[in-house]
Structures are given as C-alpha cells and as structure tokens.
Amino acid sequence: MSPRRPRSAPEAGPGSERQATRRSRGRVLLIIPALNEQGSLPRTLDELRLHAPEHDVLVVDDGSRDATAKLALDRGVEVVRHAVNLGVGAALQTGFRYAVEHGYEVGVQFDADGQHDPRFLDALVAPVLEGECDVTIGSRYVTASGYRAPLMRRLGMLVFSGVVKLALRQKIADTTSGLRAYAMKVMEVCQRDFPKDFPDAPLLIALARRGFRLREVPVSMRERSAGRSFYTLGKSIYYPYKNLLASLMAWIQRPV
Amino acid sequence: MEFISRTQIIVALAAVGLAVFVLELVRRRRLGEEFSVLWMAASVVIAALGFSTPLLRLITRILGMLFESSTVFAVGLAFAVAVLLYLSVKLSRLTVEHQIVVRELALLRHEVERGGGPGEGA
C-alpha cells in the first residue's frame, strides 16, 4: 500500500494544524468520550491545550447529532466517530483500542463536559507512568473536596463503594469517577474483556481480580458546564440493577 | 379419531397453520433455518398433542396436570420461554458484535481520512 497524504481529507487544508498534531506522539493519550457535547467540549479542549499541552487528545464521538466532531477537529485533536451511539463504555473501549494501536503507554479517561480539571492530570498520570500502579482513579472523596453530589447519587456511590470494597478488600471511595488513567497492559486486556454500558464499579472489580493495582488520587471536580450527563437518561433504576449484577459477575466470572 | 373438545381441534389446526407459516417464511428467506427450528418443534409437538388424544391424556397423567388443556398451555409456554431466551442470548451476542463493527469502522474511517495507518509516521 502506498502511504497516502490526507489530500482528500474533507476539511484539512494544505499544511493545516491537523497534520501538525501528528509530528510527535506523547506517551499519554487523553480519551474523551463525547455524545452531543458541542456546548462544553470546546472549552474542555481549550483548557487541556492550556494546562496539558504535552498530552495527545482523542475525542471519541459516540454518534453525536450535533457539531461535536467538527468542533473537535477544528481544534486539531484526533477524532474517531462511531456511526451509531454505542454508550460511554464502548466509546472508552474504542479509545483504548486506538491507544494500544498507536503505542501509548497510558490512556486517560476524561469527561467532555468540563467536570474534570486538567490540573490534576499530572498527579493522576504519574503513578501509572512510573509503574507504581496500573490504574489511577481521580476521586472526589479521598479528601474533602469541593464537590457535593445529589443525595440519590451519593447513596448509590456509597452502595457501590461498599460492593467494591467487599469484592476487592480495598477501599475505593469514588467508583463512578470518570477521571481515570490506565496503563497499556490494562487497555490491552480491556480489548477482550470489558463490562457493557457503564465502565465503573464492575470494571474496577474485573481489573482488580486480574491483579491490576488500583489507586485513588484525590481530585476536585466541578459542575458540568453544559449538555447532559451520560448517567441521567431515565437510567436511575436500570443502572443500579445492572451495575450490581455486573459487579457480582465480575467478581465470580472467570477472566476471558 | 376421538377429540376431547372443539378447542383441541382448533389448537391442533392452529399448530399446523403455524408450521406452514414458518415454513413459508423460511421459503421466502424471511426467517433463517436456524431460527425456525424452535418454532417448528413447538408446532409439531402441539399438533401431535392436538391430534392424538391418547398421547395428550398420557402426558397429562405423567405431569400430574388436572386438565388436558393445561398440558397444552404448559407445553406452549415452555416453547415460548425457550424461544425468548434463545433470542435474548442471540441479541446479546449481536450487540457485542455490532459494537465491534462500529468501532472498527470508526477507526478505519479515521485512518482513511488521516491518510495512512497506525504504523506509519514518526
């Protein structure tokens, strides 16, 4: 096959910044799953460029119907687009796949909605990059941080951190945190074995059962700036059920 | 041929009708052979119960059912459950496969638009 230059690429002019982003790859890939996040994604990307310019960014557009992908492309980051909506877990898995194929050492799961503060990235990534552990979780509850979740959400978090604690014999205070860093070997395993729908408590249990070392890193989070959370679409009953079952399964299933 | 009630005849004929319909769907390639198996089994068994009163009585006694009609319902329900469970399993697998295809497509499209594959470049 002859290497083709992106001459025919839709909106890349000659010598555009899209090409420039290819020059050198960092060791860390920030994976941003995004579904209809045109309201908050640009700000998130700008912030990342400001505070974490050394990391590469991949936006996984999970079947958005708005300008999410275009806005991301305009900012010169890589964008992979799902033709249809698959869910946040599948989007993350796509990011993992991309990271493994492109040889990144660490993949960071980062929310598009502005909840996550890029200034905590160094603290999150460093332990994984240095091989001290395999997964870090940016956690709101390790120390007192500014964030107060709604009551039901807090209750749910309490239950799942209990389940995780029971299964892992390790306390994870914030099982639903969407700010995490994964070592490459973790991302490789996740190609084959990955819980459906929501990548939180069941994923942590499955990973810990494989012997990966998890660690929580204190962060503070903000209110989302726009758009809607992946977690609120009438899933308030299904989610706890599914997550409890999946946690239980992750606990007793043989790893694939 | 002896029948217990008119309902039995109706059930038996309905089962034959279902079998014919299923076969017709397969013939027109609207239904895969694989999926037709359970449906055919259901209609054959129910037709057999409907046309053979001794068989129906025997099975009713073995199962301890109070009425012959309950036996037919029970058998029908068992097949319905089997079909639904089978479909759920199929659907679960299909969901996973569908995810993989969408993912591959997304990554491929990204590569094509970028020009070149992951192994390329610095």
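All of the numbers you see were taken from the coordinates with simple rules; none came from a lab. What you are looking at is a predicted structure, and each value in this text was computed from that prediction instead of being measured. Methodologically, a virtual Cβ is constructed for each residue, glycine included, from the backbone with ideal geometry; neighbour enumeration extends over all protein chains shown.
Based on the alpha-carbon gyration tensor of segment B:73-116, what equivalent-ellipsoid semi-axes (square roots of 5 times the eigenvalues) come out, in whole Å, largest first? Don't jump to the answer; show the numbers that get you there.
On the way: eigenvalues 349, 5, 3 Å².
After diagonalising the Cα gyration tensor, the semi-axes are 42, 5, 4 Å.
Tally Lys/Arg at +1 and Asp/Glu at -1 over every other residue whose Cβ is under 15 Å from the Cβ of B:Leu31; what's the total?
Net of charged neighbours comes to +2.
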Practice task
Quick one: dipole size for segment B:6-88, taken about the Cα centre, charges +1 on Lys/Arg Cβ and -1 on Asp/Glu Cβ, in debye to the nearest 20.
Solution key: 140 debye
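If packing is taken as the mean number of other Cβ atoms within 10 Å per residue, what is the order of A:46-53, A:183-190, A:163-170, highest first? Don't skip to the answer; put the middle values down first.
Details: A:46-53: 14.5, A:183-190: 19.5, A:163-170: 16.4.
Per-residue Cβ counts within 10 Å, averaged per peptide and sorted highest first, yield A:183-190, A:163-170, A:46-53.
What is segment A:24-252's relative contact order, in percent, from Cα pairs under 8 angstrom and six or more apart in sequence? Spell out each step's value before the answer.
Working: 431 pairs, mean separation 55.5, N = 229.
Relative contact order comes out at 24 percent.
Within 10 Å of each Cβ in A:80-87, how many Cβ atoms from other chains are there, averaged over the peptide? Write out the running numbers ahead of the final one.
Working: counts 9, 7, 6, 6, 5, 1, 7, 2.
That works out to 5 on average.
Going by how many other Cβ atoms sit within 10 Å of their own, how do B:His110, A:His55 line up, fewest first?
Working: B:His110 18, A:His55 21.
Least to most surrounded, the residues fall as B:His110, A:His55.
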Handout entry: Along principal axes, Cα extents of chain B, largest first, whole Å
Key = 83, 32, 15
Problem - Among B:Ile9, B:Val44, B:Ala74 - extreme Cα towards positive end, dipole of chain B, charges at beta-carbon - result: B:Ile9
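Using the Cα gyration tensor of segment A:24-252, with a ≥ b ≥ c the square roots of its eigenvalues, what is the shape: rounded (a/c below 1.5), prolate (a/b larger than b/c) or oblate (neither)?
On the way: a/c = 1.39, a/b = 1.23, b/c = 1.13.
In terms of gyration-tensor shape, rounded.
Which value, in debye to the nearest 20, describes the size of the charge dipole of segment A:24-252 about its Cα centre when Lys and Arg Cβ atoms bear +1, Asp and Glu Cβ atoms bear -1, and nothing else is charged?
Numbers: 30 positive and 26 negative charges, 164 e Å.
About 780 debye.
Using the Cα centre as the reference, give the magnitude of the dipole from point charges on the C-beta atoms of segment A:54-104 (Lys, Arg: +1; Asp, Glu: -1; all else neutral), rounded to the nearest 20 debye.
On the way: 5 positive and 8 negative charges, 39 e Å.
Using only the charged Cβ atoms, the result is roughly 180 debye.
Just subtract the alpha-carbon distance of B:Val44 and B:Val89 from 0.36 nm times their residue separation and send over the number in nm, one decimal.
Length gained, B:Val44 through B:Val89: 13.8 nm.
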